[in-house]
Structures are given as C-alpha cells and as structure tokens.
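Student: One structure, pasted below without further comment.
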Amino acid sequence: MHPRRQKKIINCVSILYYRQGACYYLSVSKIAEAVKIRDFKQEAKDIQAKLVEWRRWCHRRPGVGFAVEETADYIAARLEDWGVETERGVGKTGVVGIVRGSRPGPTIGVRVDMDALPIQEENTHDFVSKYPGKMHACGHDGHIAMGLGTARLLSRHRQDLAGTVIIIFQPGEEGWRGAKAVIDDGVLQRHQVEAIVAGHIGTLSPELTLGQVGITFGPIMAAVNNFEAWVIGRGGHGALPHNTVDPVVISAEIITAWQRIISREIPPLYPAVLTVGQIQGGSTHNIIPTEVYLQGTIRYFHQSAGDILRTRLEEVMAGICKTWKAQYKFKLDQGYPPVINDPQFTKFFRKIAASLAGPENVKVLEFPTMVSEDVSFFLQAVPGTFFLLGAGNTGTDSPHHHGRFDFDESILWLGTALLTETAWQYAEGKYQQCN
Ligand SMILES: [Zn+2]
Ligand SMILES: [Zn+2]
C-alpha cells in the first residue's frame, strides 16, 4: 500500500473512533492492529519501553554458556502469552518461537543469542547483574529484547502473514558452539528454514555510529580456534637452573616464536591474529616450576591462513621443546568458521534497512571485524545476513567483554524493526520476487 494512502486510512480510523466516542486516543500501532495495517517501524517504536524492560530483566539475570534456563523460561513465557508456538530444550537450553502465517509461503529463521559472560559487572546502574561473576557484557540481552519484539509484532499480524518465521533463541554463543548444538538438534530441517537473519548491537565496528547499520556482501567476522598448551619441564631450585628444564624460559621463547608465524608465514594480505591470553606457572621467586600452562586464540578469514596457523602452532612448539629437552601437550578446539554474508540476501536486507534506518545510515563496511560469532554455522547452512547495529553508549567507553560495557538502549526499536520487517518480507515471498 502507498504510504500516503496508509496514513489517510489511519487518520480516518482515528476520526471514526473519536466520533463514536469509543476511545479518544489510540496509538498508531493499535489502530494499525485494528485495521490490519502493518507499520513495523512505528510499531517497534511504540514498544520501545517494553524492549527496555525485557532487556533489563535479562540483564539482571545473566546465564553463561548453556546454563541459561532462567532466561529461556522468561522468553518462553512471553512467547506463550502472545500465542506463539514454542519449542524448549533445543540444543540443550534453546527456545524456538514459531509464528505461522495463515497462508503458505517460505520459512525464515531469526537468530538471537541469549548467553552472558563470566565477568564481574562493574556498572552501577539500577539493573546490574544479580549474580556475582556473570554479566551480559556483549549486548546479547539487547538481542533477546529484539527477538521478543519481533515475536510480539509478528504475532499481532499473524492472520495476514504468509509463510513462517522461526525465532531461534540459542544458548552458548560465547565460545560454546551453541549455534551448532541448535542446528544439530534439527531446528533448520524440522522447520525447513530457507534463510537466516541476525544482528549484533554495540561497538564491534568503529565505522558505525549510533543507529547505523553495517553490512558486508561477504565475510563480516573472522574464524576462530582456541588452544591450550602445556610446557612440561623439570622443576628445581631457582639458583641451580642447570639441574632443571625451565618451562618458564621455554614458554617465553614459544610465545615469541608463534608471533613470527603471523609476520613471516601468513601472506601479508590475509588478516590473522594470534593472542596468548593466559599464562600460568610457578609459585614464587626461587622455584623453577615443572609446568607452564598457556591458553590463546587464533582468528583469520582465509582457510589457507587457518591451515598454516593450526599446523604451525604445534610444530613450532614441538621444535622448541625438543631443542630444550621439554615435553609438551597441545590442544586445539574445533572453533567457529568465518561469518560470511550471502551477497544476494544482503542486497535484499540493505533495501529494508535503508527504509527503516534511512539510506544514509546503512553502511557497507570497509573492514570486517576480527571478532568471531557462531552465527557462522547458520550462514553455512542457509543463506542470510548478519548485520551490525551501532549502539555505542556515550556514558561508557568500555568495549564488549568488559565489566563496564553497556550499550545505548535507544536502538532497540530499530533492531526489532530490522528483524521483523526482513522476516515478514521474506515469508511473504518478496525475496524470491526480487531474484
Ligand atoms: Zn561476545
Ligand atoms: Zn556477542
């Protein structure tokens, strides 16, 4: 419907209600609901206070990894209130909301992550985490609110919906392969999901300011593998090193040598990162310990860079340990693949984003980010788009995964509208029409 005609109808309805004296004020979304007019931008703005309420409820009660039962209960209760069919225990603790249209059509998945991090919150606002050592420090509490908002708006218009929208609230994004668990549980096959849309709020891209939507037509986030390593020497007196095999000195050499894989062996035009985030060993100044423990992460976009890193990390470690007569153990996890947007779907999404955020606020990112996300498993299975939504909070300069991280809640309506409108148009068959 032409927007002007839509507006005219809304005005007429307002007058009609006024004349009948049934009601002197109705919000645009209530009117839209009454006459089945969809305006997800306005309707999302109208539920902004609710979005904030849902976000803060979840922020107070963070769950880490798969231990997100309290959050899952809360989500399922809201979905059931709105008459949305739900599945529980998907991928251990995931919740799936199914909004079925009244006519046949394609099926799209909206993916939301709902886990928090093992960090002590340092914020002082009145909705800080109730649980010591656990905090929503990545913005997933905002994603939950956006997913609930999407379910709310779609369920209001279910009678007019063609196709089906599956809203997947997954656990364990932060390194637990929760997406894989949910997919292995059959959520995509069971519902014949053909495409996926998801987003991440916050400050992950320095190219985005508040309310700007960032997209790419290919890679947007890096692949990741995490590793653990143990250098096993022979302990002894700190004053008699010749009688020991010192794992501290050997570890220092290994850490330095590993960086040379990045600078000397990976092609310079292939972005790659190697970070040793933890080193533990020893107990005091004059004891050479038996063992040093190292833990770290590698990030990359190109398969060949990943192959070099995965092979050479252990080879370099083995070589140095052999030279200095130490033993070692090395463990590399299966990791996440890179997040790669489907160019065709992203074209479709860009148009929708421009209509909601304004074309000037939709940016094709010059650089992807070295951060990783397990939404990559969904995007390996079906085409789709993972977008970034700028939500920097001027009240804090703390980055994601920091005890003082916070995002600007004013973008919650926009995130909701982006997910809702994309899901609606896809389920209506608009994506197939534009291809
Ligand atoms: Zn995170
Ligand atoms: Zn995150």
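Student: Modelling each spin label as a point 7 Å along the Cα-to-Cβ direction, I'd like the Ala239/Thr256 distance in nm, to one decimal.
Tutor: About 2.7 nm, to one decimal.
Student: Give the cross-link partners of Lys329 among the aspartates and glutamates, using a straight C-alpha distance below 12 Å as the criterion and excluding same-chain residues fewer than 8 apart.
Tutor: Lys329 reaches Glu228, Glu291, Glu314, Glu315.
Student: Scanning the chain for trypsin sites (Lys or Arg not before Pro) in DSSP loops with at most 13 other Cβ atoms within 10 Å, what's the longest stretch left with none? Please report the intermediate quantities before stating the final value.
Tutor: Details: sites that count: Lys36, Lys130, Lys325.
So the longest stretch without any such site is 131-324.
Student: Nearest 10 degrees, 0 to 90: what angle lies between the long axis of helix 48-60 and the longest principal axis of the chain (Cα atoms)?
Tutor: Relative to the chain, helix 48-60 is tipped by roughly 30 degrees.
Student: Please give the FRET efficiency for Ile287 paired with His401, using the beta carbon to beta carbon distance and R0 = 35 Å, rounded to the nearest 0.05. Write down the numbers at each step before the final one.
Tutor: Details: r = 34 Å, r/R0 = 0.96.
It comes out at approximately 0.55.
Student: Sticking with this structure for a sec: Could you list Val96, Val165, Val273 in order of exposure, starting from the residue whose Cβ has the fewest other Cβ atoms within 10 Å? Let's see the in-between values first.
Tutor: On the way: Val96 26, Val165 32, Val273 14.
So the residues, fewest neighbours to most, are Val273, Val96, Val165.
Student: So for the pair Glu207, Asp81, with labels modelled 7 Å out along Cα→Cβ, what separation do we get in nm?
Tutor: 3.9 nm
Student: How do Cys321, Cys434, Cys58 line up, fewest other C-beta atoms within 10 Å first?
Tutor: On the way: Cys321 23, Cys434 11, Cys58 26.
By the 10 Å Cβ count, ascending: Cys434, Cys321, Cys58.
Student: How far is helix 247-260 tilted off the main Cα axis of the chain, in degrees rounded to 10, range 0 to 90?
Tutor: That works out to roughly 50 degrees.
Student: Continuing with this model, one more query. With a cut-off of 8 Å between alpha carbons and a minimum separation of six or more residues, what is the relative contact order of the chain in percent?
Tutor: Averaging sequence separation for qualifying contacts and normalising by length gives 22 percent for the chain.
Student: Tally Lys and Arg at +1 and Asp and Glu at -1 over the other residues with C-beta under 12 Å from the C-beta of Lys92: what net charge comes out? Before the final figure, lay out each step's value.
Tutor: Working: positive: Arg88, Arg177, Lys180; negative: Glu69, Asp115, Asp184, Asp185.
Around Lys92, the surrounding residues sum to -1.
Student: Mind listing the long-range amide H neighbours of Asn341? Cut-off is under 5 Å, sequence gap 5 or more, other chains count too, H placed in the peptide plane at 1.01 Å from N.
Tutor: Correct list: Gly218, Ile220.
Student: Most exposed first by the Cβ proxy, i.e. fewest other Cβ within 10 Å, how do Thr290, Thr416, Thr209 rank? If you can, show how the numbers build up before the last one.
Tutor: On the way: Thr290 16, Thr416 30, Thr209 12.
With the fewest neighbours first, Thr290, Thr416, Thr209 line up as Thr209, Thr290, Thr416.
Student: So how far apart, in nm, are the two label points at Ser355 and Glu265 if each is 7 Å from Cα heading toward Cβ?
Tutor: Each label point is offset 7 Å from its Cα along the Cβ direction, giving 5.1 nm.
Student: Calculate how steeply helix 3-20 sits against the longest principal axis of the alpha-carbon atoms of the chain, using the helix alpha-carbon long axis, and give the answer as 0 to 90 degrees to the nearest 10.
Tutor: That works out to roughly 60 degrees.
Student: Same structure again: At a Förster distance of 60 Å, what's the computed FRET efficiency of Lys325 paired with Gln192, Cβ-Cβ distance as r, to 0.05? Please report the intermediate quantities before stating the final value.
Tutor: Values: r = 59 Å, r/R0 = 0.98.
Approximately 0.55, to the nearest 0.05.
Student: By the scheme Lys and Arg +1, Asp and Glu -1, what is the net charge of all other residues having a beta-carbon under 11 Å from that of Ser102?
Tutor: Local charge sum for Ser102: +2.
Student: What whole-number distance in Å separates the alpha-carbon centres of segment 363-435 and segment 134-184?
Tutor: Each part's Cα centre sits 12 Å from the other's.
Student: Can you tell me, using C-alpha contacts under 8 Å and at least 6 residues apart, the relative contact order of segment 359-435 as a whole percent?
Tutor: Numbers: 24 pairs, mean separation 12.0, N = 77.
Once normalised by length, the contact order is 16 percent.
Laboratory data are not the source of any read-out in this text; all were calculated from the coordinates shown. Here the structure is a predicted model, which is why all the values come from computation and not from measurement. Backbone-built Cβ (ideal geometry, glycine too); neighbour counts: all protein chains shown.
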